[in-house]
1. How many residues are in a helix (DSSP H, G or I) and surrounded by 22 or more Cβ atoms within 10 Å (Cβ to Cβ) when one looks only at segment 90-107?
2. Which of the residues spanning segment 409-440 are part of a helix (DSSP H, G or I), within 16 Å of Ala385 (Cα to Cα), touching a helix residue (DSSP H, G or I) at 6+ places or on another chain (Cβ under 7 Å) and of a type outside the set (Ser, Thr, Tyr)?
3. Please find, within segment 368-401, the residue that is nearest to Tyr420 (Cα to Cα) out of those that are open to solvent by 30 Å² or more (accessible area, probe 1.4 Å) and outside any helix (DSSP H, G or I).
4. Considering only residues that are closer than 14 Å to Leu275 by Cα and open to solvent by 70 Å² or more (accessible area, probe 1.4 Å), which ones fall in segment 206-218?
5. Looking at Glu211, is it part of a loop (DSSP other than H, G, I, E, B), of a type in the set (D, E, K, R) and either modelled with pLDDT under 95 or under 25 Å from the mean Cα position of the chain (by Cα) (or both)?
6. Within the set of pairs 6+ apart or on separate chains, which have a first residue in segment 448-469 that is of a type in the set (Asp, Glu), a second that is surrounded by fewer than 24 Cβ atoms within 10 Å (Cβ to Cβ) and outside any helix (DSSP H, G or I), and C-beta atoms under 8 Å apart?
7. When Cys436 is evaluated against the numbered criteria (1) open to solvent by 10 Å² or more (accessible area, probe 1.4 Å); (2) over 31 Å from the mean Cα position of the chain (by Cα), which criterion, by number, is the only one it fails?
8. Considering segment 405-422 alone, what residues qualify as being closer than 22 Å to Glu447 by Cβ and either among the acidic types (Asp, Glu) or open to solvent by 20 Å² or more (accessible area, probe 1.4 Å) (or both)?
Amino acid sequence: MLDLDCFRRRKERSEMKFMKLGSRPDTFYTTEAVRSVSCEASSDVIVQVKGNRYLLHKRLYAEAASELQLIKLHDFPGGVEAFELCAKFCYGINITLSAFNVVSVRCGAEYLQMTEEAEKGNLISKVEVFLNSCILRGWRDSIVTLQTTKAFPSLSEEVGVTRRCIEAVASRVLSHPEEVVVTGRCIEVSSNGSGSHGHRAKGWWDEDLAELGIDLYWRVMVAIKSGGKVPSHLIGDALRAYSSRWLPNLGKCIHDDGEVHSRNRLILESVVSLLPAEKGAVSCSFLLKLLKAANVVNASVSSKKELAKRAGFQLDEATVDGLLLPSCCENGTRHDVDAVLVMLEEFVSRSAEGVGIEFQERRRSSSAAHSKVAKLVDEFLLEIARDANLPMSKFIAIAEAIPEFARVVHDGLYKAIDVYLKEHPELSKGERKSLCRILDCKKLSVEACTHAARNEMLPLRVVVQVLFFEKVRASMAGDHVTELPSNIKVLLEGRPTPSKRASGINSQNSSVSTLKMRLHEDHDVESDRIVKPSNIKSLSMMPSRSKRMFSKLWPISRSASEKN
């Protein structure tokens, strides 16, 4: 059964009010481009409004001269239409007021000083009655009236029409913020944002408010938010509806003219200032679209940073496409990597905020959000690695922004590094070593190890690490080990190749040990550290056979560290 109160509110939103004043028929006529009124008395004043002339009577003006005179009103609010309505009221001619013209008539009457002091029951008092009793009590009337104040903002503010319309609109929203209409029925939604039929609550008011210009919209939304009765997700829905209405090409690098560009920047920065503080009030995808648009319209640094921080708080909801923010610069990188770095920093800091250290340590290994973001970052790195202008320092900064515990497997990171090396062949030996230091070879899968062992773009020290940890894993499982690639075999020239299964792991260990000694002869001692001290503890967990293999490499690493 349809709720009667709901039906009444819907009817009020669809119907608009009007008011008729005067009872005489219209006697205005035009002769030779001059508007006159049929009257027994002769006209004694000419009023010119923006190029249009009216032959009227001096009783319209308290200080009119006894002879015919010309009065020019070039800046009359509302123009010719509003002036003629005011003039007809003075002659008792029937006029109709509505939400579309009430502001212009009110401002015109104020301009002409049609107050109670001049004559009892004058136009200003009539208009005020109509505004207070009808216009400001209707939803649609208030919206339309508020829109019309844009034509003469100063005078509308002076007579208080703008302020009263804003208060009326905000009051209507605050009285029934969560009402939602579904298939012709009105239902009230629960506190979790769902209606009785499981529908997501959507404000009945957001699309109507989206018709307002950004300055008026901002003031209305501030009034609604300050009321404290509207759920944050409804505020977010309204902001998304407004952005879709006024920024249809959100996030696309479209070269608009200066005026449109400035308007879009004002809209975007205003929307950002209205975003609710609560997490989940708006989706991460919407925040990233706003951030893309912010780069396109060259929004303020503070707006960009605010969007990046908010998106970072919900980064586990993001997609790779969403993170590929255009820099919209003629030179430099194709994507805004700095903004993504801000998101990662915010995500890491917020995820640990307010949680005890011991509890945080226990939950790290099973943190689904961190694992999801780690995978997202590796996919993002794979995309930006193809940018020839991407500095290696930024690539490393993005990769290292994720905590070590979050990236359980390094296959995705390895793929990104491999692409970066191929797209940046000009990297020096030292730069390639620095890039590969972010890779943990122990966290590579068998497939990734197999590929890395034959990857000629990788520094040889990384290949040795890959082979060593693959040997440890293979020895524990009793499997065969990947054959040495040709570039490593060259360094081992002169050494006899052992038989396949007879020599097994020991022969491979000997080869790797020899390679380690050859590499150690190079003067880059710091980069020759194959095994980090942090891995010493893992020795106690290895089988004795693995420990013997490890001992062939460890003395060299130990001697290198002792030299430093």
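The values are calculated or read from the model by the stated rules, or taken from the named source; none is laboratory data. For clarity, every value in this text was computed on a predicted model and none was experimentally measured. We place every Cβ from the backbone using ideal geometry, glycine too, and count neighbours over all the protein chains shown. For accessibility, only protein heavy atoms count, side chains too; no ligands or nucleic acids. Shrake-Rupley method; radii C 1.70, N 1.55, O 1.52, S 1.80 Å.
1. Kept after step one, since they are in a helix (DSSP H, G or I), are these residues of segment 90-107: 90, 102-107.
Subset that is surrounded by 22 or more Cβ atoms within 10 Å (Cβ to Cβ): 102-107.
So the answer is 6.
2. Asp411, Gly412, Leu413, Lys415, Ala416, Ile417, Val419, Leu421, Glu431, Arg432, Leu435, Cys436
3. Arg386
4. Trp218, the sole residue that qualifies.
5. Criteria met by Glu211.
6. Taking only residues 6 or more apart or on different chains, the pairs are Glu456/Pro485.
7. Result: Cys436 passes all but (1).
8. Val408, Val409, Asp411, Gly412, Lys415, Asp418, Val419, Lys422
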